Structure formats: C-alpha cells, structure tokens
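The values are calculated or read from the model by the stated rules, or taken from the named source; none is laboratory data. Keep in mind that this is a model prediction, so the values were computed, not measured. Reconstructed Cβ throughout: ideal geometry from the backbone, glycine too, with neighbour counts over all protein chains shown.
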Amino acid sequence: MRYESDKQPGPYGPPGDAPRLIGQGSIWIMAAAPTIWAVHFVASYVLAAVWCAKIGASLVTPAWIIAAMGLVCAALIVWLGVIAVRRYGGVFVIFEEITESSERGRDRFIGHVSLLLCILSVVAIGFTVIPGLILGSC
Amino acid sequence: MRRIFLLGLPLVLGACEGRHNWLASGGAEAIRVEQLFWVLVVGAAVIWTLVIGAAVYAHRRQVDPSLEKQARQFIIWGGAVIPTVVVCALLVWGLVILRDITTKEGDLTVRVDGERWWWRVIYESPEGDVVTANEIRLPVDNTALFKLTADDVIHSFWVPALGGKMDMIPGRETELTLTPVETGSWGGLCAEFCGGAHALMRFDAIVMEEAAFNDWLAHEASPAEVAQDDAGLGVFLDEGCGACHTIRGTEAVGPVGPDLTHLASRERLGAGIYDMTPDNMAAWITDTHEMKPDIDMPPYPNLDGARLDQLVAFLMSLD
Ligand SMILES: [Cu+2]
C-alpha cells in the first residue's frame, strides 16, 4: 500500500540527491555500531591470540592496544549516535509510538534504534576491554 | 508442592557436605568464590522479590496516566542503567578473583599431568623432582602453584573444597593456585569429559601440617624399600608390569602408567576410586576392566594362587 506521505520529500533534502550511506533514510546506521563492536571484538581476539602465541606471556601491552582501539571505536560510535540524533531525529526514550508511515516516522524510528544500539555497543566494547586490563596475562 | 520440596531437599543438602563440597571453605581461593556466590544468590533473591513485587503492585493499581513520565524513568533506571552497572561490577569482581587465583606466586610448585584416566603428579623441590600419582598432599596455609598440562586429551583439574577449577590442555601449561586453610582430606576430580573412565578419574587432596608434609615429601622422594630378591617383585617384573610402571629402586622404570614407588602410602587405589586393600589390589590386577572400564592397563586374569598373593603382598608393602 502506498501513502501520500511516501511521495513527500524528506526533511533532509530532496529525493533524487545521491543518497548518503548514513543519513537521508538509509538504514545502514543501524548496523554500523554493532559492526564496529564486532570488528573490535575480532581484532582484540586475534591480537591477543597472536601475541600470546608468538610474543610472550604478558598481556599488558596488547591489553592497552585493545583499550586504545576500544576508545577509538567508542568515539566513532558516539559520532554515529550524534548523527542518529541530529540527522534522524532519534531520541533515547519515545513517548508516543511511532506509527505514522512517512519518511519522517521511519527516520525517527531508525534514529531511535540506532541510538540504543550505539549505547549497547559502547557497553559491549567496555566488556571486551575490561578483562584484558584486569587479567594481564595470557 | 510440599512433597516436591521434601524430595528435593536431600539433593540440595547433599551437595552441601562431604568431600566435594565447594562451600566447605577449605581453601582461600574457594572462600573468594564463595563470597561472590553468596552475594549473587542474595542479590538475585532481592532483585527477584523487588521485580515480582513491583509487578504485583502494578497489576493491582489503577492506571494513572499522569505518572507515565515517572514510570518511564523507573524503567530506564531499573531496567537499563542499574542492571548495566551491576553486571559491570560483577564482571570486574569475577575477573579480579580469576586473576588472583591463577597468577599468584606459590610457596611450592606442583606439576600435574592429566592422563587417561589418572594423574601424574610431580613436586618440584630443591633436590629435584618428586614423582608420584593419583594423590596430592599439601601443607596447610601454604600456597601451592599448580602447573597443569595434559597428555593427549583435555582434562580439568578441580578440588571443589579448595578452590577454582582449571582446564588441562595438551601442549599448553595452565596455572592455578590453591591455599588450603585447614587440614583434612578432600576429593578432587576431572571436570572435563575425557572418555570412557572420565567419571572414575579422581584423586584425594590431603591437607597436612607443614612438618608432616615435609616428612611425607622426603619419604616420597626416597626409593622403595624392597629386597631385590622379593618374590612379589619377581612376579611384577616377570609379568612385564615394569614396562609401564616405575618403582624407583628396582628395574621397573616404565613411564606409561602411574608411579608405584610408594603406592601403598596412598589412601586410594585406581585414581581415587577404591580403598587401598589387598582384596581390591588383587581384583585390580585380575579384573582390571571390571574395576575400571576402558583403562590402558591390561587385565591379568591368569595370575592366581601364590603368585597373585606374592604380587599383592609386594605392592601393599610399597609404602
Ligand atoms: Cu579427565
């Protein structure tokens, strides 16, 4: 079914513009934060495994590298969170259900979901970083 | 309901006493884990009560739209923020315990090698390694550093009453410390399925006063006191037992099975599963796979009469 509002231009630019990967109704922002977490997680795992197998029994250096990578990733995710709020109009808590079928409604929904996923991903990155910092040995 | 409760009670209580009780506070490491456990249990009970209480309360109350905002705040704090903080705190606490029980220095070092389905035990001492098997003795109030490895499959080393459990992995060395705080005898076991006789892969962990421990270790380091013309030793060597077993002070130097130099000084036979009695010893030799299925020692059903008696008497003299 098609709604009138579907044909309305979104508030972020006229349709027909080259779409940005993140912004203007694109859904990639939802996948971005968890993907950053996953990449950080795999990188941490590989780094620790290679380090322990090839270099030594102390995990202190890789733990700091993992923490630094975590910080960079968290910063990226914060930036995504800002976009989710600014470009998509995402909010942390929705007070009314988003039921309206319009670009704006979809954007607000995507923004909301993305924001929550950003928060979750930052916490998850913390959970990856903490064990390395505490344990310190292979 | 009542009946189910009563039926369940012995199970619950049964787990709370005895040689494998992990709430026995037998070791400093176990006490750390216990504290975490009780905080978790009590904390979970409190949270459960609060959540169910809130649900019942919410169910009974009239809906009041003017409170919507507070209700949402309540959900955000109670459902998202506080749980995240609690889980983080528990994660950190658990990790700190894990660090403390795996990377401490030891007053003594014990290497344990998991074999199918028994334990090769080596005490490192200034005079050299002391090799024994299937029984671990520890001095009270000392921290023993265990260096664990495995022969061919993964095992896991666990004395529940004393402390944490650690996997034994072929080709790798894992570490664990145990600091027993009272004397006594505890049960240890393999906690990672490792094949046919896995459930029968056990050992005794005997905690002694330090002086008694030192005497024991010195004795364990000495060769067996046997006459070279002992009839039982003759049977042992004739039957080829020495190809697999070592008895220091004799020709038997086999590395395949447990060291038998001070076999009879162990409290149990067959990796912690039978009392050390002549009858069990005889049965172990003639009906090996009835005593412990699947093991890598062949049975000797044709040994009987005087020869079996001599062999058993000889083995029981190895204290
Ligand atoms: Cu095992």
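List the residue pairs whose Cβ atoms are under 8 Å apart, where the first residue sits in the stretch B:144-163 and is free of Cβ contacts under 8 Å to residues at least 60 places away in the same chain, the second is among the β-branched types (V, I, T) and within 12 Å of the ligand (Cβ to nearest atom), and the two are 6 or more positions apart or on different chains.
From the stretch B:144-163, the pairs are B:F146/B:V112; B:K147/B:V112; B:L148/B:V112; B:T149/B:V112; B:T149/B:I169; B:A150/B:I169; B:I154/B:I169; B:F157/B:V112.
Assess whether B:A252 counts as being surrounded by 17 or more Cβ atoms within 10 Å (Cβ to Cβ), within 16 Å of the ligand (Cβ to nearest atom) and not assigned by TED's automatic domain parsing to the domain that holds B:I136. If you could, list the steps in order and put the result at the bottom.
Working: surrounded by 17 or more Cβ atoms within 10 Å (Cβ to Cβ): yes; within 16 Å of the ligand (Cβ to nearest atom): no; not assigned by TED's automatic domain parsing to the domain that holds B:I136: yes.
For B:A252, the condition - surrounded by 17 or more Cβ atoms within 10 Å (Cβ to Cβ), within 16 Å of the ligand (Cβ to nearest atom) and not assigned by TED's automatic domain parsing to the domain that holds B:I136 - is not met.
Regarding the stretch A:59-68, can at least one residue be identified that is within 21 Å of A:A32 (Cβ to Cβ), under 13 Å from the mean Cα position of the chain (by Cα) and assigned to a helix (DSSP H, G or I)?
Within the stretch A:59-68, the first condition is being within 21 Å of A:A32 (Cβ to Cβ), and the residues that meet it are A:66, A:68.
So of that shortlist, the ones also under 13 Å from the mean Cα position of the chain (by Cα) come out as none.
Within the stretch A:59-68 (the criterion being within 21 Å of A:A32 (Cβ to Cβ), under 13 Å from the mean Cα position of the chain (by Cα) and assigned to a helix (DSSP H, G or I)), the answer is no, since none of the residues qualifies.
The rows are residues; the columns are (1) within 27 Å of B:L200 (Cα to Cα); (2) in the same structural domain as B:A191 (by TED's automatic domain parsing).
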{"residue": "B:V33", "(1), (2)": "yes, yes"}
{"residue": "B:I82", "(1), (2)": "no, no"}
{"residue": "B:A89", "(1), (2)": "no, no"}
{"residue": "B:G128", "(1), (2)": "no, yes"}
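Mind listing whichever residues of the stretch B:145-192 are within 15 Å of the ligand (Cβ to nearest atom), among the aliphatic types (A, V, I, L, M) and closer than 25 Å to A:G56 by Cα?
Answer for the stretch B:145-192, where residues must be within 15 Å of the ligand (Cβ to nearest atom), among the aliphatic types (A, V, I, L, M) and closer than 25 Å to A:G56 by Cα: B:L148, B:A150, B:V153, B:I154, B:M166, B:M168, B:I169.
Suppose the filter is of a type in the set (D, E) and closer than 26 Å to B:L217 by Cα; does B:D204 pass it?
On the way: of a type in the set (D, E): yes; closer than 26 Å to B:L217 by Cα: yes.
The answer is yes for B:D204.
Residue-wise test of (1) within 16 Å of the ligand (Cβ to nearest atom); (2) basic (K, R).
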| site | (1), (2) |
| --- | --- |
| B:R99 | no, yes |
| B:R116 | yes, yes |
| B:S125 | no, no |
| B:N134 | yes, no |
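Which residues, counting only those in the stretch B:159-193, are out of contact with any Asp or Glu (no Cβ under 9 Å at 6 or more places or on another chain) and hydrophobic (A, V, I, L, M, F, W, C)?
Answer for the stretch B:159-193, where residues must be out of contact with any Asp or Glu (no Cβ under 9 Å at 6 or more places or on another chain) and hydrophobic (A, V, I, L, M, F, W, C): B:V159, B:A161, B:I169, B:L189, B:C190, B:F193.
Take B:R137 and tell me if it is of a type outside the set (S, T, N, Q), over 30 Å from B:A197 (Cβ atoms) and either without any contact (Cβ under 8 Å) to a residue 60 or more places away in the chain or outside the structural domain of B:V253 (by TED's automatic domain parsing) (or both).
Numbers: of a type outside the set (S, T, N, Q): yes; over 30 Å from B:A197 (Cβ atoms): no; either without any contact (Cβ under 8 Å) to a residue 60 or more places away in the chain or outside the structural domain of B:V253 (by TED's automatic domain parsing) (or both): yes.
Answer is no for this residue.
When you check B:R202 against the structure, is it more than 14 Å from the chain's Cα centre (by Cα) and more than 14 Å from B:V110 (Cβ to Cβ), yes or no? Spell out how you get there, then give the answer.
Values: more than 14 Å from the chain's Cα centre (by Cα): no; more than 14 Å from B:V110 (Cβ to Cβ): yes.
No: the conditions fail for B:R202.
Restricting to the stretch A:106-138, give me the number of residues that are away from chain B (no Cβ under 13 Å) and surrounded by fewer than 16 Cβ atoms within 10 Å (Cβ to Cβ).
Number of matching residues: 0.
Please verify whether the stretch B:275-293 includes one or more residues that are over 21 Å from B:T132 (Cβ atoms) and in contact (Cβ under 8 Å) with a residue 40 or more places away in the chain.
yes
Is it the case that some residue within the stretch A:68-80 is more than 14 Å from chain B (Cβ to nearest Cβ), surrounded by fewer than 19 Cβ atoms within 10 Å (Cβ to Cβ) and touching an Asp or Glu at 6+ places or on another chain (Cβ under 8 Å)?
Checked the stretch A:68-80: no residue is more than 14 Å from chain B (Cβ to nearest Cβ), surrounded by fewer than 19 Cβ atoms within 10 Å (Cβ to Cβ) and touching an Asp or Glu at 6+ places or on another chain (Cβ under 8 Å).
Checking B:G164 against (1) at pLDDT 95 or above; (2) crowded, with 22+ Cβ neighbours inside 10 Å: exactly one of these is not met. Which one?
Exception for B:G164: condition (1).
Condition test on B:G195, is it within 12 Å of the ligand (Cβ to nearest atom) and either within 14 Å of another protein chain (Cβ to nearest Cβ) or modelled with pLDDT under 95 (or both)? Lay out the reasoning, then the answer.
Details: within 12 Å of the ligand (Cβ to nearest atom): yes; either within 14 Å of another protein chain (Cβ to nearest Cβ) or modelled with pLDDT under 95 (or both): yes.
So B:G195 passes the test.
For the structure I just gave you, tell me whether B:F236 is at pLDDT 95 or above and of a type in the set (F, W, Y).
On the way: at pLDDT 95 or above: no; of a type in the set (F, W, Y): yes.
Taking the combined requirement at face value, the residue does not satisfy it.
Hey, any hits in the stretch B:18-27 for a residue that's surrounded by 12 or more Cβ atoms within 10 Å (Cβ to Cβ) and within 16 Å of the ligand (Cβ to nearest atom)? Spell out the reasoning first.
Initial filter on the stretch B:18-27 (surrounded by 12 or more Cβ atoms within 10 Å (Cβ to Cβ)): B:18-27.
Checking the rest, the ones that are also within 16 Å of the ligand (Cβ to nearest atom) come to B:20.
The answer is yes; a qualifying residue exists.
Among the listed residues B:A144, B:A150, B:A55, B:A133, identify the single one that is more than 14 Å from chain A (Cβ to nearest Cβ), loosely packed, with under 11 Cβ neighbours inside 10 Å and aliphatic (A, V, I, L, M).
Values: B:A144 fails: loosely packed, with under 11 Cβ neighbours inside 10 Å; B:A150 fails: loosely packed, with under 11 Cβ neighbours inside 10 Å; B:A133 fails: loosely packed, with under 11 Cβ neighbours inside 10 Å.
Just a single option satisfies the conditions, and that option is B:A55.
Of B:G188, B:G195, which residue is more than 18 Å from B:V121 (Cα to Cα) and touching a residue at least 24 places away in the same chain (Cβ under 8 Å)? Full working, then the answer.
Values: B:G188 fails: more than 18 Å from B:V121 (Cα to Cα).
B:G195 is the lone residue from the list that is more than 18 Å from B:V121 (Cα to Cα) and touching a residue at least 24 places away in the same chain (Cβ under 8 Å).
Identify all residues within the stretch B:95-120 that are surrounded by fewer than 16 Cβ atoms within 10 Å (Cβ to Cβ), within 14 Å of chain A (Cβ to nearest Cβ) and over 13 Å from B:E29 (Cβ atoms); write none if there are none.
B:E105
Among the candidates A:V123, A:V129, single out the residue that is modelled with pLDDT of 90 or more and within 14 Å of the chain's Cα centre (by Cα). It would help to see each step written out before you state the result.
Working: A:V129 fails: within 14 Å of the chain's Cα centre (by Cα).
Result of the check over A:V123, A:V129: A:V123.
Here's the yes/no breakdown for (1) without any contact (Cβ under 8 Å) to a residue 24 or more places away in the chain; (2) aliphatic (A, V, I, L, M); (3) assigned to a loop (DSSP other than H, G, I, E, B):
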{"residue": "A:A75", "(1), (2), (3)": "yes, yes, no"}
{"residue": "A:G90", "(1), (2), (3)": "no, no, yes"}
{"residue": "A:V93", "(1), (2), (3)": "yes, yes, yes"}
{"residue": "A:I98", "(1), (2), (3)": "yes, yes, yes"}
{"residue": "A:R108", "(1), (2), (3)": "yes, no, no"}
{"residue": "A:V122", "(1), (2), (3)": "no, yes, no"}
{"residue": "A:G132", "(1), (2), (3)": "no, no, no"}
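Six or more apart or on different chains, Cβ atoms under 7 Å: show the pairs whose first residue is in the stretch A:26-51 and closer than 23 Å to A:G89 by Cα and whose second is of a type in the set (K, R).
Pairs found: A:S26/A:R20.
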